[in-house]
Each structure stands twice: as structure tokens, then as C-alpha cells.
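Before any comments, here is the structure.
The values are calculated or read from the model by the stated rules, or taken from the named source; none is laboratory data. Please read all numbers here as calculations on a predicted model, not as lab measurements. Here Cβ is always computed from backbone atoms with ideal geometry, including for glycine, and neighbour counts include all displayed protein chains.
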Amino acid sequence: MTETTPGPASPEDGGRRVHLDNAGAAVLHPLARQAYLQALDDGWADPRRLHSEGRRARRLLDAARESIAAGLGARTEDVHLAPSHTAVLHAAVSAVRSGRRRAGDRVVASAVERAAVLNAAAAPLPGVSPATEARAADGRSAGAGCVEAGTVEAGAVEKVRVDATGRVDLPAFVAALTSPGVALAALQHANGEVGTLQPVAEAAEAARAAGVPLLVDAGASLGHSPVDGAWDVLAADPADWGSVPGVGVLAVRPRVRWRATWPEDADPWFPGGVSVPAAFAAAVTLEATLADRAAQDARRRELVDRIRGAAASVPDTEVVGDPDARLPHVVTFSCLYVDGEALVGELDRAGFAVGSGSACTASTLEPSHVLAAMGVLTHGNVRIALDRSTTSQDVERFCAVLPGAVARVRSALGVEGL
């Protein structure tokens, strides 16, 4: 097992810094760094140029696409590389909506999809009149977390409710995607905030029968959990499996009708191309993570179970997400009478970097739409995503520190003993 390079010692307990916020930006896999540096030397040139340096870069880029396609179970020509995972989601939603305008313009999505998916589905497409988009906006304001009925309007999004674990209401999802005027259905493979796996295979079967393409966001899953071929459009995030930032992955089945909503370019999906070193590192790292996924799965599930138990033992704390059908490395809990930002800061001072899926931020003061849709506690939230370098000792120390950190935040707010 590879250890991370120890960071500066915690001022409170002398222990090493432990990074437990590996969702979407994991600690670099050792092979990612090695592959990236190698590609900087061999693939720095523009892969569209015809000289030797350009052809060498093109070979690295083509090899990366071929390797990633193999990991996805897709054809190489159906895999496209983007500057980021967000760019992948925006392009996929807008292009499929545009290509299927004759069928309709409505997008059916779970209420816990990434904001990038929901925002892209709500955005007007080129050529849509302001009046039509205004009517669509009125319909979208009806509320989130439920199936929104109504006429087919440009940019209308039907958000399908989820249960308390974050799993989509499958019958409601199927009913929505089989109604008239649907251009695209979107269902994440698993929720990166709470770890719950979604019924993707069943949704894909219904979407196929209805003739509606299904976008599966596997940004939180690929490299951690098996992702089968039950998709028409697939998005993935190499940074989540420990590669360098600067690249996203899009796979599109040849049967999917799409049309670019951006200016024409030599690269039909992502004008300007992508970083060759980042693409090469993504391919090398994906191959490595898929090779030892089973071993990592068992190890991290055991560690997550320990964190879930420790969090559940803290008074007035709710552990959220499905306890069994989940990603192996993600655990989320919310503490009553606690400000999420303050708790993240308290744990940071103790030497632990954690995320918060729902803490009110200084910029928006808005809780997580995922936790809100689930109907669970949205404040005082901590999201943990373990890395391959997370040790049993790291988790043991975190579990020992957690109760005191929560108690100190509550004391500072004057709510201890309630």
C-alpha cells in the first residue's frame, strides 16, 4: 500500500496531515505523477502537427483514448477527452438536447444529479426564443425533488424525487422519461456526496425501450465501483481516481443523435483539444486502479464502516446514504447544532482535511441540494472520501478526534448539553 507524503504535523496532536477529501480531487496516484512527467517529455508538442514531435504526441493521445475506452468497455472512436468533468457534462447535455429537438427538449434527471447536469439542462439552447425560455423557467421554479409535470418547453427539467438514502424513485423516473417530449434522461451511477448507488441498469432498460438516451455520470464511481455498459452517454472524472486535473472523459454510443451547440472545430466535441500529458496520466492511472479495485474495495469498506460507527455514536449525529449499496470509500454524516464550516475548520486544525457537502458557504448560504432532496439534516455536514493511501491508523485517529471536535464547535456556539 502506497503512503502519501507526510504533510506538516498537526499543531494539536503532532500527527501527520491526513487528506480525507478525495471526492473529485483525490491524492495523486504515484503512477499518475510518473506518467504525467514522462508525457511532458515525450508528448509536449501539438498532436495535430505533422512533424515528428507532433506525431509522437498524437501516438500518446491515441494510446490514452484506446486504454480509457478499454476500461469503459467502449469503442475507441466513441471516447472523447475534454478539459474537465464539468465541460463533459455541459457538452453532453446540450449536444444531445440539440440533436433530439424533434423528439422534445425536456430533460429528466434525479433530484441529486450534479449541479452541472441540472444547470446545463436548464440553460437555453441556441435558437430558443426568450419568451419560450421564460415559460420554461416559470415551470422549473415549481420546486425540486419531485417529478414536475407540464408542457414541453425549452430547457424544462423534470427532477425526480429520491428517498432518504438518496436513491431515485425508479417508477417515477421511468414514468417521467417515457412521457412525450423527452430529449434526454440523466442518472448518476452513484452520488458522490453520500455514496448511494443508483438503479442504473433498470433505468437504462426503460430508457432503451422508450428510445430516450441515458446519460450516466460515473464521475464518482469509475475506478472505485464496477460500471457496466448500461449507458448511452457516459461521463467520468480522472481526478476522482487519482489522476492529474485537466482532463474529463466522455463516451457516446454511435446510436445517440447529437448536434454541437458550439462553433465547428477539428475536434467535434471539445474544440482546442486536451492536454496530452493529462490524458496519458488518466489512462495509466485508470488501468492501475481497475487492476486493484477489488482489494481496495474490501479494505476501504472496512474503514468506512468504522467511521460510520464512530459518527453514529456522536450525540445528535445522522449518518446519511445507503449503508450497503454504496461506493466503498465515501461516508457522510451531519451533526445537529453544528455549523459545517466551523466543523471542517476544527478538524483541519486537528490534522484532517475533510469535505462538507452541505455546510452553508459564505458566498451562497445555501445547503446542499442533495441532502435537501433526501430530506435529511443539511447543516453540520462532513463528507469523507478515503484514498488508497488512507491507513487504519489514520481512521483510528480520526474516530478518536471526531467527538471532541464536534463538542468544541457546539461549545463555541453555546449549544452544548442540549
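Being at pLDDT below 95 and of a type in the set (A, V, I, L, M, F, W, C) is true for just one of Ala342, Ala312. Which residue is that?
Result: Ala342 is the single residue among Ala342, Ala312 that is at pLDDT below 95 and of a type in the set (A, V, I, L, M, F, W, C).
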When Trp231 is evaluated against the numbered criteria (1) in contact with a strand residue (DSSP E or B) (Cβ under 8 Å, 6 or more places away or on another chain); (2) over 28 Å from Ile384 (Cβ atoms); (3) at pLDDT 95 or above; (4) not polar (S, T, N, Q), which criterion, by number, is the only one it fails?
-> (2)
Scanning for something hydrophobic (A, V, I, L, M, F, W, C), out of contact with any Lys or Arg (no Cβ under 9 Å at 6 or more places or on another chain) and under 17 Å from Ala69 (Cα atoms), does the range 197-210 turn up at least one residue?
-> no
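Results for (1) among the aromatic types (Phe, Trp, Tyr); (2) in contact (Cβ under 8 Å) with a residue 24 or more places away in the chain; (3) surrounded by fewer than 18 Cβ atoms within 10 Å (Cβ to Cβ), shown as yes or no for each residue.
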position	(1), (2), (3)
Asp265	no, no, yes
Pro277	no, yes, no
Arg300	no, yes, no
Ala310	no, yes, no
Ser313	no, yes, yes
Within the range 391-411, the residues that are hydrophobic (A, V, I, L, M, F, W, C), more than 30 Å from Ala298 (Cβ to Cβ) and touching a helix residue (DSSP H, G or I) at 6+ places or on another chain (Cβ under 7 Å) are Val409
Note on the range 336-352: residues touching a residue at least 24 places away in the same chain (Cβ under 8 Å) and either not small (Gly, Ala, Ser) or not in a loop (DSSP other than H, G, I, E, B) (or both) are Leu336, Tyr337, Val338, Asp339, Gly340, Ala342, Leu343, Val344, Glu346, Leu347, Arg349, Phe352
Unmet requirement for Ala239, which otherwise passes all of (1) farther than 11 Å from Leu81 by Cα; (2) in contact (Cβ under 8 Å) with a residue 60 or more places away in the chain; (3) surrounded by fewer than 24 Cβ atoms within 10 Å (Cβ to Cβ) = (3)
Tally, over the range 6-24, of residues that are at pLDDT 90 or above and farther than 18 Å from Leu402 by Cα = 2
Can you spot a residue in the range 200-210 that is in contact (Cβ under 8 Å) with a residue 24 or more places away in the chain, in a loop (DSSP other than H, G, I, E, B) and not basic (Lys, Arg)?
-> no
Just wondering, is there one or more residues in the range 44-57 that are touching a Pro at 6+ places or on another chain (Cβ under 9 Å), surrounded by 14 or more Cβ atoms within 10 Å (Cβ to Cβ) and free of Cβ contacts under 8 Å to residues at least 40 places away in the same chain?
-> yes
